[in-house]
Amino acid sequence: MRKIIIDTDPGQDDAIAILLALASPEDIEVLGITAVAGNVPLALTEKNARIVCELAGRPDMPVYAGCDRPLAHRLVTAEHVHGKTGLDGPVLPDPTMPLQDGHAVDFIIDTVRNHPAGTVTLCPLGPLTNIASAINKAPDIIEKIQEIVLMGGAYFEVGNITPAAEFNIYVDPEAAEIVMKSGAKITILPLDVTHKALVTRARNDAFRDIGTPVGIAVAQMTDFFERFDKEKYGSAGAPLHDPTVIAYLINPDLFTGRYINVEIETQSALTRGMTVADWWRVTDRAPNAYFIGDLDADGFFDLLTQRLARL
């Protein structure tokens, strides 16, 4: 079983990732959820995280608010994709469970320190501001982290917010650079793999046919955000990005990738936030991340649908 902290900026696909994790107790123990500003501002991401926990029947899950802006630049958000609330689509009630006292960064540090070394995995689904801040504040946690498994970046699929940059990395490339240079064990689920996890009509009908509040809400979430992505990419469905992180933890055999060097561009106005992934190993830079390139899409959606049906 993996003990994880989900660091997130919900976002419909973040919400589905949280639901998948909470539906998989034999594989994953969620120690807590930390919110960061990203798809929408922090006041909405921490609220949305609690909404999703209550949808999953887990009002006991501790949720902490973290950083409300990137380390060095103004916040860029994505309401044009996720709607003004970040969870547009279903109509879900405001949460009644409390937001925890204390800062998300301190929760991350304390949790890693208070567990045996190599037993806590960090799962960032949004900008890496909270994770980088924890590393900066308490570098001793780096050697204790089991793994950082994140959704972000791209190589063959280039950018989705600029021509060169994927959104999560673009929002806070300085934070991403800190994480990539930390020396922690890192696995990256980039656009190269998430763009192969397409919510086709049949796959979304399978969510809706679960018939539960969770299944219907997930179908309504994907109904909403797929309009933007299908028009943008001309694809048969929208990419379902963040749940790939949780699916990788549950069944890594669904995924293939390479252990390569990944650097973050922070200086160029043209390519700021680009993940410079040495996929072909043409440099002598030391590998620092397992960069996922492909997945068994049918296996991924079968897993997701089966697990969501438990909630």
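The values are calculated or read from the model by the stated rules, or taken from the named source; none is laboratory data. Everything numeric here is computed off the predicted structure, so don't read it as measured data. With ideal geometry, Cβ positions are generated from the backbone for all residues, glycine too; neighbour counts draw on all protein chains shown.
Within the range 53-72, identify whether any single residue is among the hydrophobic types (A, V, I, L, M, F, W, C), closer than 30 Å to Thr271 by Cα, touching a Lys or Arg at 6+ places or on another chain (Cβ under 7 Å) and in contact (Cβ under 8 Å) with a residue 60 or more places away in the chain, and answer yes or no.
No.
May I ask you to list the residues in the range 213-265 that are touching a Gly at 6+ places or on another chain (Cβ under 8 Å) and not in a helix (DSSP H, G or I)?
Within the range 213-265, Asp242, Asn251, Thr256, Gly257, Arg258, Val262, Ile264, Glu265 qualify.
Looking at Ala309, is it small (Gly, Ala, Ser), within 30 Å of Glu26 (Cα to Cα), touching a helix residue (DSSP H, G or I) at 6+ places or on another chain (Cβ under 8 Å) and modelled with pLDDT of 95 or more?
Against the criterion (small (Gly, Ala, Ser), within 30 Å of Glu26 (Cα to Cα), touching a helix residue (DSSP H, G or I) at 6+ places or on another chain (Cβ under 8 Å) and modelled with pLDDT of 95 or more), Ala309 qualifies.
Tell me, please, whether a residue that is under 29 Å from Glu143 (Cα atoms), basic (Lys, Arg) and not in a loop (DSSP other than H, G, I, E, B) can be found in the range 111-128.
Yes, because at least one residue in the range 111-128 is under 29 Å from Glu143 (Cα atoms), basic (Lys, Arg) and not in a loop (DSSP other than H, G, I, E, B).
May I ask you to verify whether Thr271 is over 21 Å from Leu92 (Cα atoms), assigned to a strand (DSSP E or B), modelled with pLDDT of 95 or more and out of contact with any Lys or Arg (no Cβ under 8 Å at 6 or more places or on another chain)?
Against the criterion (over 21 Å from Leu92 (Cα atoms), assigned to a strand (DSSP E or B), modelled with pLDDT of 95 or more and out of contact with any Lys or Arg (no Cβ under 8 Å at 6 or more places or on another chain)), Thr271 does not qualify.
Take Ala165 and decide whether it is among the small types (Gly, Ala, Ser), within 15 Å of the chain's Cα centre (by Cα), more than 15 Å from Gly257 (Cβ to Cβ) and surrounded by 17 or more Cβ atoms within 10 Å (Cβ to Cβ).
In short, no.
Given Gly102, Gly118, Gly86, which one is within 20 Å of the chain's Cα centre (by Cα), of a type in the set (Gly, Ala, Ser) and on the phi > 0 side of the Ramachandran plot?
Gly86
Got a number for residues in the range 205-236 being at negative phi, at pLDDT below 95 and of a type outside the set (A, V, I, L, M)?
Number satisfying all stated conditions: 13.
Could you list, in sequence order, the residues of the range 18-38 that are over 14 Å from the mean Cα position of the chain (by Cα) and among the small types (Gly, Ala, Ser)?
Once the filter is applied, which keeps residues that are over 14 Å from the mean Cα position of the chain (by Cα) and among the small types (Gly, Ala, Ser), the range 18-38 yields Ala23, Ser24, Gly32.
Only one residue in Ser182, Ser133 is among the hydroxyl-bearing types (Ser, Thr, Tyr), modelled with pLDDT of 95 or more, out of contact with any His (no Cβ under 7 Å at 6 or more places or on another chain) and in a helix (DSSP H, G or I), so which one is that?
Unique residue meeting the criteria: Ser133.
For the range 197-212: of the residues being outside any helix (DSSP H, G or I) and not hydroxyl-bearing (Ser, Thr, Tyr), which is surrounded by the most Cβ atoms within 10 Å (Cβ to Cβ)?
Val199
Need pairs with beta-carbon distance below 6 Å; first residue within 25 Å of Gly215 (Cα to Cα) and within the range 90-115, second crowded, with 19+ Cβ neighbours inside 10 Å and of a type in the set (Lys, Arg); sequence gap 6+ or separate chains.
Pro95/Arg50; Met97/Arg50
If you scan the range 145-162, which residues turn out to be under 17 Å from the mean Cα position of the chain (by Cα) and under 26 Å from Pro41 (Cα atoms)?
Correct list: Ile148, Val149, Leu150, Met151, Gly152, Gly153, Ala154, Gly159, Asn160, Ile161.
Any residue in the range 73-80 that is modelled with pLDDT under 95 and over 23 Å from Ile178 (Cα atoms)?
yes
Condition first: of a type in the set (Val, Ile, Thr), within 18 Å of Gly11 (Cα to Cα) and without any contact (Cβ under 8 Å) to a residue 12 or more places away in the chain. Can you find one or more residues in the range 124-133 that meet it?
no
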